[in-house]
Amino acid sequence: MPREHRAAKSIRVLLAEDQGMMRGALALLLGMEPDIEVVAQVAAGDAIVDAALVHRPDVALLDIELPGMSGLDAAAELRDQAPDCRVLILTTFGRPGYLRRAMEAGAAGFLVKDGPVEELAVSIRRVLTGETVIDPALAAAALSAGPNPLTARECDVLKASTDGATVADIAGKLRLSESTVRNYLSSAIGKTGTRNRMEAVRAARQQGWL
């Protein structure tokens, strides 16, 4: 919308989305709202904080799965480095564990991408007034799923287990002994009710714990 038709004080939005078509469409649709202005667009998670410090958005709209750094990790950094910026997570993956991690990172809202842009605009306005906005179905799923049973170290070991990594590889990467890695893997497999570490990784990712 032409600038002269905007509200005197537009809501400044930073948009982080790695898919160019989705990012462009969201920016265009949000820009049609009379009181919203997309002041920055980034495609990688590790560009979010720098962009926020330069453009000083009121609201950061973040995807979760981004190259460089996840939107959840970026949300935690924004909380420390740009505390006046409210974070709204917008993701394709409505996983209960992601919601819990987003709230722990200081996010003010969590929505899935299949909603209409009008609802997204309303949510941006709401988080700016101090409200917390959460997709109702996801909130119910998170409550029924319970907390993440994995410790931080068990999560680290599972993350390092991908791409055919051996126990020795994981131990070297995390600076742990091989016996300690085996213990963490065994514990994680037990907690996820799976048969091996690859199944444990898949189960943990499906829940949003990794």
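Quick grid of which residues meet (1) crowded, with 20+ Cβ neighbours inside 10 Å; (2) in contact with a Lys or Arg (Cβ under 9 Å, 6 or more places away or on another chain); (3) on the phi > 0 side of the Ramachandran plot; (4) modelled with pLDDT of 90 or more:
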site	(1), (2), (3), (4)
Pro67	no, no, no, yes
Arg79	no, no, no, yes
Gly106	no, yes, yes, yes
Ala141	no, yes, no, no
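Taking the stretch 55-83 as the region of interest, how many residues are without any contact (Cβ under 8 Å) to a residue 12 or more places away in the chain and of a type in the set (D, E, K, R)?
Selection size over the stretch 55-83: 1.
Among the candidates Val38, Val54, which residue alone is in contact with a strand residue (DSSP E or B) (Cβ under 8 Å, 6 or more places away or on another chain), open to solvent by 20 Å² or more (accessible area, probe 1.4 Å) and farther than 23 Å from Val117 by Cβ?
Val54
Residues of the stretch 54-96 being small (Gly, Ala, Ser), over 19 Å from Val38 (Cβ atoms) and not in a loop (DSSP other than H, G, I, E, B), which ones? Even if it seems obvious, please write down each step before you answer.
Here is the first cut: in the stretch 54-96, the residues small (Gly, Ala, Ser) are 60, 68, 70-71, 74-76, 82, 94.
Okay, now just the ones that are also over 19 Å from Val38 (Cβ atoms), so 68, 70, 76, 94.
Residue satisfying the conditions is Ala76 alone.
Quick one: which of Arg205, Arg175 is over 17 Å from Ala102 (Cα atoms) and of a type outside the set (Val, Ile, Thr)? Break it down into steps so the answer makes sense when it comes.
Values: Arg205 fails: over 17 Å from Ala102 (Cα atoms).
Just a single option satisfies the conditions, and that option is Arg175.
Name the single residue that is least open to solvent (accessible area, probe 1.4 Å) among those in the stretch 162-199 being more than 13 Å from Thr151 (Cβ to Cβ), touching a residue at least 24 places away in the same chain (Cβ under 8 Å) and hydrophobic (A, V, I, L, M, F, W, C).
Filtering the stretch 162-199 for residues that are more than 13 Å from Thr151 (Cβ to Cβ), touching a residue at least 24 places away in the same chain (Cβ under 8 Å) and hydrophobic (A, V, I, L, M, F, W, C), the one least open to solvent (accessible area, probe 1.4 Å) comes out as Val181.
For Arg56, are the conditions met, namely being of a type in the set (Lys, Arg) and either under 20 Å from Asn148 (Cβ atoms) or under 9 Å from the mean Cα position of the chain (by Cα) (or both)?
no
Here is a list: Arg126, Arg101, Arg195. Which entry is basic (Lys, Arg) and farther than 30 Å from Glu33 by Cβ?
Testing whether each residue is basic (Lys, Arg) and farther than 30 Å from Glu33 by Cβ leaves just Arg195.
The values are calculated or read from the model by the stated rules, or taken from the named source; none is laboratory data. On a predicted model such as this, the values are computed, not experimentally measured, just so you know. Methodologically, a virtual Cβ is constructed for each residue, glycine included, from the backbone with ideal geometry; neighbour enumeration extends over all protein chains shown. Calculation scope for accessible area: heavy atoms of the full protein, side chains included, ligands and nucleic acids excluded. Shrake-Rupley method; radii C 1.70, N 1.55, O 1.52, S 1.80 Å.
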